[in-house]
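Take a look at the structure below.
The values are calculated or read from the model by the stated rules, or taken from the named source; none is laboratory data. Since the model is a prediction, treat every value here as computed from it, not as a measurement. We place every Cβ from the backbone using ideal geometry, glycine too, and count neighbours over all the protein chains shown. All accessible areas refer to the heavy atoms of the entire protein, side chains included, with ligands and DNA or RNA removed. Shrake-Rupley method; radii C 1.70, N 1.55, O 1.52, S 1.80 Å.
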Amino acid sequence: EAQVTQNPRYLITVTGKKLTVTCSQNMNHEYMSWYRQDPGLGLRQIYYSMNVEVTDKGDVPEGYKVSRKEKRNFPLILESPSPNQTSLYFCASSLSNSPEPEFFGPGTRLTVL
Amino acid sequence: QKEVEQNSGPLSVPEGAIASLNCTYSDRGSQSFFWYRQYSGKSPELIMFIYSNGDKEDGRFTAQLNKASQYVSLLIRDSQPSDSATYLCAVDTGFQKLVFGTGTRLLVSP
């Protein structure tokens, strides 16, 4: 089954404790991206990657890091989480190098205390 | 002015009616337009895309694009309660940037 998986699905953590949200797709898609969704602000792109070892900033990259060492994986790293990073996070992928996500992961709800 | 604007709703329609969801955008250079559906507690799913002025039909869904007026709309014919969801408009403004609206919540009553 074609899918994008994310882990964990829910996470409560404290300010400053480094965390990683994993994302994996099994469709051999080249384009992967991370979004956060906040009430009243909609979906905003954090980072995207057009291929292995190629990543770039989206609209709200501050406080986040990503890596793309393998085509299937695109982890999101919060080195020092802060309460303003409390949000719902989605990983997404698409076959082409166009930015519109074809598949979204199930989401990770992060709370930073 | 927001780059992509949608009425947050809720838009309430009776079952069997046509639901009309609208989206306006500010960047005249935008070339590609997308509609996503997001059920409560779920991730968005791509349901329609349109690149050219005019209408594009896919089953009960019709996307309409008017670049001169900078709006894109989604019509849902024969609305069903299962269509109740939030509909997100997204615009490709170029340079690998996709901007989402905040979504319109649609409620279809039986």
Exercise. Leaving ligands, DNA and RNA out of it, rank A:30, A:100 by accessible area with a 1.4 Å probe, largest first.
Key: A:30, A:100
Quiz item: Along the charge dipole of the protein assembly as shown, which of B:68, A:76, B:94 sits closest to the positive end, that is, farthest toward it, with unit charges on the beta carbon of Lys, Arg, Asp and Glu (+1, +1, -1, -1)?
Solution: A:76
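Give me the net charge for the shell around residue A:80: Cβ to Cβ below 10 angstrom, other residues only, Lys and Arg +1, Asp and Glu -1.
On the way: positive: A:17, A:18; negative: A:79.
Residues close to residue A:80 contribute a combined charge of +1.
Dividing the alpha-carbon Rg of the stretch B:30-77 by 2.2 N^0.38 Å yields what? Working shown, then result.
Numbers: Rg = 11.4 Å, N = 48, 2.2 N^0.38 = 9.6 Å.
That ratio works out to 1.19.
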Quiz item: Quick one: how many Å² of residue A:24 are accessible to a 1.4 Å probe, rounded to 10?
Solution: 20
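Can you give the charge dipole size of the stretch B:60-110 about its Cα centre, rounded to the nearest 20 debye, using +1 on the beta carbon of Lys and Arg and -1 on the beta carbon of Asp and Glu? Don't jump to the answer; show the numbers that get you there.
Numbers: 5 positive and 3 negative charges, 17 e Å.
Computed about the Cα centre, the dipole is about 80 debye.
Counting only other chains, what is the mean number of Cβ atoms within 10 angstrom of the Cβ of each residue in peptide A:40-51? Let's see the in-between values first.
Details: counts 2, 3, 11, 11, 2, 5, 0, 0, 3, 0, 1, 0.
Mean number of neighbouring Cβ atoms from other chains: 3.
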Exercise. Read phi for every residue in the stretch A:2-8 and hand back ³J(HN,Hα) as whole Hz from Karplus 6.51 cos²θ - 1.76 cosθ + 1.60, θ = phi - 60°, with x for Gly and Pro.
Key: 5, 6, 10, 10, 10, 8, x
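Under a 1.4 angstrom probe, counting protein chains only, how are A:12, A:77 ranked by accessible area, largest first? Could you put the intermediate results ahead of the total?
Working: A:12 125, A:77 30 Å².
Sorted descending by solvent-accessible area, the residues read A:12, A:77.
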Practice problem: Please identify which residues in the stretch B:96-110 have an amide N closer than 18 Å to a label point set 7 Å out from the Cα of residue B:45, following the Cα→Cβ vector. | Solution: B:104-108
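Keeping all protein chains in place and using 1.4 angstrom, which order do A:56, B:83 fall into by accessible surface area, from largest down?
Numbers: A:56 75, B:83 5 Å².
Putting A:56, B:83 in descending order of accessible area: A:56, B:83.
Take every Cα pair under 8 Å in chain B that's 6+ residues apart, average their separations, divide by the length, and report that relative contact order as a whole percent. List each step's numbers first, then the result.
Details: 279 pairs, mean separation 41.6, N = 110.
Averaging sequence separation for qualifying contacts and normalising by length gives 38 percent for chain B.
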Practice problem: Mind grabbing the accessible area of residue B:51 for me, 1.4 Å probe, Å², rounded to tens? | Solution: 100
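Tell me, what is the FRET efficiency for residue A:111 and residue A:69 to the nearest 0.05, using R0 = 25 angstrom and their Cβ-Cβ distance as r?
Numbers: r = 28 Å, r/R0 = 1.13.
The pair residue A:111/residue A:69 has a calculated efficiency of 0.35.
Please tell me which of these pairs span more than 26 angstrom C-alpha to C-alpha: B:42/B:67; B:42/B:97; A:57/B:67; A:69/B:97; A:17/B:97; A:65/B:67?
From the list (B:42/B:67; B:42/B:97; A:57/B:67; A:69/B:97; A:17/B:97; A:65/B:67), the Cα-Cα distance tops 26 Å for B:42/B:67; A:57/B:67; A:17/B:97; A:65/B:67.
Under a point-charge model restricted to the Cβ atoms of Lys and Arg (+1) and Asp and Glu (-1), what is the dipole moment magnitude of the protein assembly as shown relative to its Cα centre, in debye to the nearest 20?
Working: 22 positive and 22 negative charges, 126 e Å.
In total the dipole reaches around 600 debye.
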Quiz item: Compactness ratio of the stretch A:1-82: Cα Rg over 2.2 N^0.38 Å, N = residue count?
Solution: 1.09
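What does the accessible area per residue of the stretch A:1-103 come to in Å², with a 1.4 Å probe and no ligands, DNA or RNA counted?
Values: 4910 Å² over 103 residues.
Normalised by residue count, the accessible surface of the stretch A:1-103 is 48 Å².
Let me confirm one metric for peptide B:23-35, namely the mean number of other chain beta-carbon atoms within 10 Å of its residues' beta-carbons.
On the way: counts 0, 0, 0, 0, 0, 0, 0, 0, 0, 3, 1, 4, 0.
Whole-number average of other-chain Cβ neighbours for B:23-35 is 1.
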Exercise. Would you work out the relative contact order for chain A, in percent, from Cα pairs under 8 angstrom that are 6 or more residues apart?
Key: 36
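Viscosity 1.306 mPa s, temperature 10 °C: give me the Stokes-Einstein translational D for the protein assembly as shown in µm²/s, with Rh taken as the Kirkwood radius over C-alpha pairs. Each step should come with its number before you reach the end.
Working: Rh = 18.0 Å.
Using the Kirkwood radius from Cα pairs, D works out to 88 µm²/s.
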Quiz item: Principal axis lengths of chain B from Cα atoms, whole Å, largest first?
Solution: 42, 28, 22
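Taking both sides together, what accessible area is buried at the A/B interface, probe 1.4 Å, expressed in Å² and rounded to the nearest 100?
On the way: alone 5970 and 6010 Å², together 10550 Å².
It comes to approximately 1400 Å² buried between A and B.
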Practice problem: Please report, in debye to the nearest 20, how large the charge dipole of chain B is about its Cα centre when each Lys and Arg carries +1 at its beta carbon and each Asp and Glu carries -1 there. | Solution: 180
